[in-house]
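Encoded as structure tokens, the structure appears first; notes follow it.
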Amino acid sequence: MPNESDHLQREGDKELKDVSEETAGQQVRPSTPSPHRENTLQASPPRLVSVEELMETAKGVTNMALAHEIMVNKDFQVKPTELPEGSLEHRVKEIMRKVFWDRLEAQLNEDPPSYEHAIKLLGEIKETLLSFLLPGHGRLCSRIEEVLDLPLIQQQAENGALNIGQLSQFVVEMMGSLCAPCRDEDVKKLRQITEIVPLLKAIFSVLDLMKVDMANFALKSIKPHLMQLSVEYERNKFQEFLEKQPNALDYTKKWLEETVKSLRETESCASASSDPPLHPLNVHNHAYIRLLRWDHASDPFPETVLMDQVRFLEMQQEAKWLVLLSSVLLIVYTTTGEAISGLPGLMETLKNTVSAMLTEMHMPSFSMQEALATIGEKLCVELSHCLSQHGFSSFSAESKSALKGQISAIIQPDNTVRKLMDSRIQSYLMAALESSQHKTPPPLPGGLAPVSRELKELSIRFSRLVNYNKLVFSPFYQKILQNILTPGESSGTET
């Protein structure tokens, strides 16, 4: 019967493998031509890929995704394995546990007791405790080696002088010295267990949690030193993937090509020349801004940012939320005029009211039309109360009707106020990318003061994600942009 620690470790490895394979399945696209290459003659016939090569490629992508997640997710943590309640794996695991611990209890109840399995468990506990020690824990190491001396314990068992209970209490005291503060309560509960088998069983459960704590502590400690290594690792892994999947940059090329086309169309309208010069860095930054307007339902996401698609989608939704929130607040203040300007706490009250109504705006069941109508009603009530409270003339029916109408009109994509705030937010995020190299925040555009805190937080997260992506994939981007732009236009070097 395998011991508890090995059994749990194999279960954890199995689940991590399953999750990794599932992640790889989500990330790897089939080697098929992209839409803009369908009519292009192939220089050579497609190469057949073996199952072994495919699995090796998937493993490389999975490892790259894991390294990437550790770097960009500040809240990344190793978590204990938890099998679904009622699943076959969960039932099998519980049966094996019960058999194992019942067998141990039967051995200890024999006359004389058999300590074969108990000594093996003490050996595993000893190895685990030693693995928690840091270089400066010399005295603790000596103490553990002295008390959990397996040859001596074996000799005591043979002579009938072994006290498992006393050794278990020593283990609990060591765990209390080495555990994180969040485990103090778990260790305290161990001290209240008097029977040997339940105590050993609980010790292993807490030790597994302490292993997770130690892994997270190690990740947090070395994370600042992993940046350069992670950048090189991800870049090399993607290069290996690109060699096996030659079309793995098709959607990235399409993304950058469409950005160049859009910029040329925009700038040609304001320039006498038909093809105004474009700088690679400017093109690249605009390409990232386009990701905040992406149609995720119909357009394949570029390969080089695919691992961060969920993050870009979340930021896209947050940007839309800020557009609507700032638009409503701007309408309120331009409609009511000087009467409410400068009133303490009013802006925050109105902001909280609108924000609460727009919290679920990205849910399928959300009705924007109903939400805006409700927002208009609620704001009229709050404004009327505030005006009367501060001695101003009451909010007239005509003013209420005008305010409700303007707020409801925001639902139209071409609404003037909505387009204005959207443009200003996009400009601010673009300025944040351009100023991130100098670490100076850009000036806040007019009308965005009420959402300044949320907008600055979004810009910081957006800039960090973009800058890390540039560090990893800059050689690929530079080559693509050089091929897209004419020699005269690509003379600038992206930094």
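Points to keep in mind about this one:
- Hey, residue 153 β-branched (Val, Ile, Thr) and open to solvent by 40 Å² or more (accessible area, probe 1.4 Å) or not: no
- Scope segment 87-101; condition more than 13 Å from residue 201 (Cα to Cα) and either surrounded by fewer than 15 Cβ atoms within 10 Å (Cβ to Cβ) or among the acidic types (Asp, Glu) (or both); matching residues: 87, 88, 89, 90, 91, 92, 95
- Among the residues of segment 432-457, those that are open to solvent by less than 30 Å² (accessible area, probe 1.4 Å) and farther than 27 Å from residue 341 by Cα comprise 432, 433, 435, 436.
- Within segment 308-332, being of a type in the set (A, V, I, L, M) and either in contact with a strand residue (DSSP E or B) (Cβ under 6 Å, 6 or more places away or on another chain) or open to solvent by 40 Å² or more (accessible area, probe 1.4 Å) (or both) holds for 310, 313, 330.
- Filtered by the rule that a residue be outside any helix (DSSP H, G or I), farther than 16 Å from residue 130 by Cβ and not small (Gly, Ala, Ser), segment 170-208 gives 191, 192, 193, 194, 195.
- Any hit, segment 34-47, residues being open to solvent by less than 70 Å² (accessible area, probe 1.4 Å) and modelled with pLDDT of 65 or more: no
- Only residues that are open to solvent by 70 Å² or more (accessible area, probe 1.4 Å) and within 16 Å of residue 321 (Cα to Cα) were counted in segment 371-389, giving 0.
- Test for residue 138: is it at pLDDT below 90, under 20 Å from residue 197 (Cβ atoms) and either out of contact with any strand residue (DSSP E or B) (no Cβ under 6 Å at 6 or more places or on another chain) or not assigned by the TED database to the domain that holds residue 213 (or both): no
- Meets criteria (in contact (Cβ under 8 Å) with a residue 60 or more places away in the chain and touching a Leu at 6+ places or on another chain (Cβ under 8 Å)) for residue 197: yes
- Put simply, of 402, 356, 409, 373 the only residue that is free of Cβ contacts under 8 Å to residues at least 24 places away in the same chain, out of contact with any strand residue (DSSP E or B) (no Cβ under 6 Å at 6 or more places or on another chain) and more than 28 Å from residue 289 (Cβ to Cβ) is 356.
The values are calculated or read from the model by the stated rules, or taken from the named source; none is laboratory data. Remember, predicted model here, so these are calculated numbers, not experimental data. Virtual Cβ from ideal backbone geometry, glycine too; neighbours counted across all protein chains shown. Heavy atoms of the whole protein, side chains included, go into the accessibility calculation; ligands, DNA and RNA do not. Shrake-Rupley method; radii C 1.70, N 1.55, O 1.52, S 1.80 Å.
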